[in-house]
Number of protein chains: 2
Amino acid sequence: MSKLPFEKICILGPGLLGGSIAMAVHQHMPECELRIWARRQQPLDFVRECGITEHTYTDAREAARGADLIILATPIGAFEELSRYILSAVAKEAIITDIGSVKAYVHRTTGAMLTSRGRCFIGSHPMAGAETPGIENAFADLIKGATVALTNPHGAPEAKLQQLAAFWEALGTSTYVMDPANHDRTVARISHCPHILAALCARGATLGQEPMEDLQRLAASGFRDTTRVCSGGANMWADILWENDVAVRSALHDCVNDLHHLIDLLETQDKEGVRQWLIAAKNARETIREIDN
Amino acid sequence: MSKLPFEKICILGPGLLGGSIAMAVHQHMPECELRIWARRQQPLDFVRECGITEHTYTDAREAARGADLIILATPIGAFEELSRYILSAVAKEAIITDIGSVKAYVHRTTGAMLTSRGRCFIGSHPMAGAETPGIENAFADLIKGATVALTNPHGAPEAKLQQLAAFWEALGTSTYVMDPANHDRTVARISHCPHILAALCARGATLGQEPMEDLQRLAASGFRDTTRVCSGGANMWADILWENDVAVRSALHDCVNDLHHLIDLLETQDKEGVRQWLIAAKNARETIREIDN
């Protein structure tokens with residue numbers, strides 16, 4: 001790259017995803033001044049020991065002062081208070097973004113507040129994650145090849161949006177601009193509902209009368225993969241479902257109806273109907289994953 | 001091993017799983033005479049080209065003649081007719097087994113018929129598979145480390161059961177003797193219901209109004225893994241759900257109720273309840289997979 005999109009990047013509250021972004025910045029933009037704030041000392045020690053950056057802070061305002069990109073990476077529920085706290089130190093020309101899994105809620109709260117104070121807020125959602133939480137499990141390649149959804153309902157200037165997109169793309173991702181409500185409905189279908197069905201799968205295994213040892217003995221790779229994501233942090237996921245509650249419930253109602261439909265097909269011995277139900281699932285998966293193939 | 005459990009092993013109708021077993025036999029028991037029958041010539045050509053065995057047959061009866069272990073590896077629905085066809089060539093001291101995913105149905109039909117004709121039938125179910133069908137995708141390690149459920153409701157002698165268990169264990173699996181009805185209820189929970197939920201997840205993504213491109217762009221590794229198994233053959237899975245219909249419907253009714261419970265928690269804004277629902281899922285998964293850890 002001829003010129004870096006940003007010179008001073010500040011990541012606030014890095015966990016698995018924020019930590020992985022920090023590592024990717026360290027790897028792809030070694031000339032950047034990378035600043036990291038965390039509430040606790042332990043992740044900051046980890047950051048220094050790994051050689052990601054020397055610029056660690058226990059005061060978020062000091063971390064943000066003079067940065068030209070500030071990334072909110074705490075749990076979503078903490079964004080607004082944190083943003084108010086750092087506000088006086090945020091330069092007018094800086095971009096503030098976040099990496100939260102829901103966007104309408106973030107723009108309605110944090111984004112609206114920052115915009116009304118004359119700051120530039122654009123939402124980001126890197127579609128990457130793993131069930132192992134914390135910066136200890138972070139790695140630079142977690143976001144490699146991921147799509148980063150960008151949401152700009154407050155109408156930040158196109159040049160700012162391009163600057164933020166250039167940052168994400170320099171880290172090996174591709175970007176995709178969306179309306180926040182549309183983003184939230186889409187992730188309800190492609191991420192939040194899958195998380196719930198993975199959890200339902202694990203719960204459902206134990207809802208019958210089958211002895212635990214039998215379940216343990218017969219569980220194989222299908223069960224392992226179908227349920228993998230539900231090992232992710234329950235606190236974070238309760239927040240996500242909460243903040244995307246309307247779209248999630250709509251997706252779940254569709255799933256309940258579709259499950260009733262399958263049960264009916266089995267009850268009425270419509271074997272061809274069952275086969276078609278399964279074929280449609282296979283086709284849906286293949287169409288959705290076409291981009292990867 | 002001092003002595004092979006069997007000297008002449010016959011696999012009838014190998015696909016992904018039967019083909020993988022054939023490769024494992026070739027690898028772990030090279031002294032065995034391995035015989036393979038298929039309805040079509042193509043898989044037999046593949047078997048010969050791969051050097052798995054020279055003993056390929058287009059007549060199942062000839063393949064079975066003189067074998068001391070016969071493994072039914074066709075779709076379950078074909079077991080009974082195939083067994084009747086080979087019956088006159090099956091030695092009284094031979095063991096016939098199968099690798100079908102449901103067991104009560106197999107014993108009620110094929111097992112009962114063979115037993116009434118004085119033959120020894122014991123059910124097997126290796127808990128291994130993949131979404132890529134056919135012997136072209138087979139590999140010896142597919143069954144490595146898997147549990148093989150053994151079902152013996154017709155009361156074959158303990159020595160025969162031990163002989164069959166020794167065969168499976170020599171291929172790197174562990175065996176677990178179960179009652180067929182109990183097996184079927186357990187796989188409904190740990191394999192069949194997960195397959196349905198994976199399919200539901202893929203279908204559910206497309207049941208809303210979200211444009212396909214948005215879904216494609218935002219689909220990530222969580223969607224990929226949660227839905228992986230539903231890429232498996234719809235014909236085979238329609239058969240499996242069919243043949244285990246009562247236990248599958250019971251598991252699905254529990255899932256519908258549990259999903260209603262979660263929707264209620266979201267509707268009544270019981271955030272702690274949602275968190276506990278997710279924690280219980282995570283705990284269930286970890287307990288079930290304890291043996292692997």
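The values are calculated or read from the model by the stated rules, or taken from the named source; none is laboratory data. Just so we're clear, the structure is a prediction, and the values are computed from it rather than from any experiment. When we count neighbours, we look across all protein chains shown, and the Cβ atoms used for this are built from the backbone with ideal geometry, even at glycine. What goes into the accessible areas is simple: the full protein's heavy atoms, side chains included, and nothing from ligands, DNA or RNA. Shrake-Rupley method; radii C 1.70, N 1.55, O 1.52, S 1.80 Å.
Among DSSP beta bridges lying fully in chain B, give the percent that are antiparallel, nearest 5. Please list the in-between numbers first.
Values: 4 of 27 bridges.
Taking every DSSP beta bridge within chain B, about 15 percent pair in antiparallel fashion.
How high is the relative contact order of region A:1-109, given as a whole-number percent (alpha carbon pairs under 8 Å, six or more residues apart)?
Once divided by the residue count of region A:1-109, the mean separation gives 28 percent.
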Worksheet item: Once the Cβ-Cβ distance between A:C50 and B:R61 is put in as r, and R0 is 60 Å, what FRET efficiency do you end up with, to the nearest 0.05?
Response: 0.35
Item to complete: Under 1.5 on a/c is rounded, so check that first for region B:212-285, then, if it is not, pick prolate when a/b is larger than b/c and oblate when it is not; a ≥ b ≥ c are the square roots of the alpha carbon gyration tensor eigenvalues.
Response: oblate
Worksheet, complete the sentence: In this structure, the FRET efficiency calculated for B:H253 and B:A112 from their beta-carbon separation, with R0 = 30 Å, to the nearest 0.05, is 0.55
Worksheet item: So how strong a dipole does region B:24-97 carry about its Cα centre when Lys and Arg Cβ are +1 and Asp and Glu Cβ are -1, to the nearest 20 debye?
Response: 220
Worksheet item: To the nearest 10 Å², what's B:Y105's accessible area with a 1.4 Å probe?
Response: 60
Discussion item. Check which residues have an amide H placed less than 5 Å from B:I99's amide H, if you skip close sequence neighbours.
Written reply: B:L72
Worksheet item: Can you tell me the Rg and the Dmax, both Å, for the Cα atoms in region B:60-154?
Response: 13.5, 37
Worksheet item: For region B:259-293 and region A:230-293, what is the separation of their Cα centres, given in Å?
Response: 17
Discussion item. Per-residue Cβ counts within 10 Å, from other chains only, averaged over B:123-135: what number is that?
Written reply: 2
Discussion item. Strictly greater than 17 Å: what percent of every Cα pair in region A:142-214 meets that?
Written reply: 62
Response to the item:
Of A:T186, A:T132, ordered by accessible area with the largest first and a 1.4 Å probe, the sequence is A:T132, A:T186
Item to complete: Treat each spin label as a single point 7 Å out from the Cα along the C-beta direction, and report the A:E267 to B:L4 distance in nm.
Response: 5.3
Practice prompt. Grab the eigenvalues of the alpha-carbon gyration tensor for the protein assembly as shown, scale each by 5, take roots, and send me the semi-axes largest first in whole angstrom.
Written response: 53, 24, 20
Worksheet item: Working from the pairwise distances between different alpha carbons, so that the mean of 1/r is found and then inverted, what is chain B's Kirkwood radius in Å?
Response: 20.8
Discussion item. Need one number: buried accessible surface between chains A and B, 1.4 Å probe, both sides summed, DNA, RNA and ligands left out, in Å² to 100.
Written reply: 9200
Discussion item. Under the rule of at least 5 residues apart or a separate chain, name every residue whose amide H is placed under 5 Å from the amide H of B:R289.
Written reply: none
Discussion item. From the protein chains alone at 1.4 Å, what is the descending order of accessible area for A:E210, B:E93, B:E33, largest first?
Written reply: B:E93, B:E33, A:E210
Practice prompt. State the Cα centre-to-centre distance between region B:101-169 and region B:18-80 in whole Å.
Written response: 15
Item to complete: From other protein chains only, count the Cβ atoms within 10 Å of every residue's Cβ in A:263-272, then give the mean.
Response: 3
Worksheet item: Remind me, what semi-axes does region A:101-239 give for its equivalent ellipsoid, largest first in whole Å, using sqrt of 5 times each Cα gyration tensor eigenvalue?
Response: 37, 17, 12
Discussion item. I'd like the mean, over residues of A:234-241, of how many other protein chain beta carbons sit within 10 Å of each residue's own Cβ.
Written reply: 5
Fill in: Gain upon complete extension [B:A159, B:A280; 0.36 nm per residue less C-alpha separation]
39.3 nm
Worksheet item: If you average 1/r over all unlike Cα pairs in region B:1-160 and invert the result, what Kirkwood radius do you get in angstrom?
Response: 15.6
Response to the item:
Expressed as a whole-number percentage, the relative contact order of region A:190-293 with C-alpha contacts under 8 angstrom and at least six residues apart is 27
Discussion item. 7 Å from Cα along Cα→Cβ at both B:R84 and A:E93: what's the point-to-point distance in nm?
Written reply: 8.6
Response to the item:
Quick calc, region A:42-193, dipole around Cα centre from Cβ unit charges on Lys, Arg (+) and Asp, Glu (-), nearest 20 debye, gives 560
Worksheet item: Quick one: net charge of A:A251's neighbours, Cβ under 15 Å, K/R +1, D/E -1?
Response: -4
Discussion item. What's the magnitude of the charge dipole for chain B around its Cα centre, counting Lys and Arg as +1 and Asp and Glu as -1 at the beta-carbon? Answer in Debye, nearest 20.
Written reply: 580
Worksheet item: For A:F46, what charge total do you get from the other residues with a beta carbon under 12 Å from its beta carbon, if Lys and Arg give +1 and Asp and Glu give -1?
Response: -1
Fill in: A:Y176 - accessible surface, heavy atoms, 1.4 Å probe, Å² rounded to 10
30
Discussion item. Can you work out the Karplus-derived ³J(HN,Hα) for every residue in region B:126-134? Use 6.51 cos²θ - 1.76 cosθ + 1.60 with θ = phi - 60°, whole Hz, and x for glycine or proline.
Written reply: x, 7, 8, x, 7, 7, 9, x, x
Worksheet item: Residue by residue, what Karplus-based ³J(HN,Hα) values in Hz, rounded to whole numbers, does region A:101-107 have, using 6.51, -1.76 and 1.60 with θ = phi - 60° and x for Gly and Pro?
Response: 7, 10, 10, 4, 4, 5, 6
Fill in: Length-normalised contact order for chain A - Cα pairs under 8 Å, 6+ apart - percent
16
Worksheet, complete the sentence: One would report the antiparallel percent of DSSP beta bridges in region A:1-152, rounded to the nearest 5, as 20
Worksheet item: Could you give the accessible area per residue of the protein assembly as shown, probe 1.4 Å, as a whole number in Å²?
Response: 39
Discussion item. Nearest 5 percent is fine: what portion of the DSSP beta bridges confined to the protein assembly as shown is antiparallel?
Written reply: 15
Worksheet item: Ranked by accessible surface with a 1.4 Å probe, highest first, in what order do A:C50, A:C193 come?
Response: A:C50, A:C193
Worksheet item: So what does B:R249 come to for accessible area, using a 1.4 Å probe and Å² rounded to 10?
Response: 50
Worksheet item: Given a 1.4 Å probe and every protein chain left where it sits, what share in percent of the accessible area of chain B is carbon and sulfur?
Response: 48
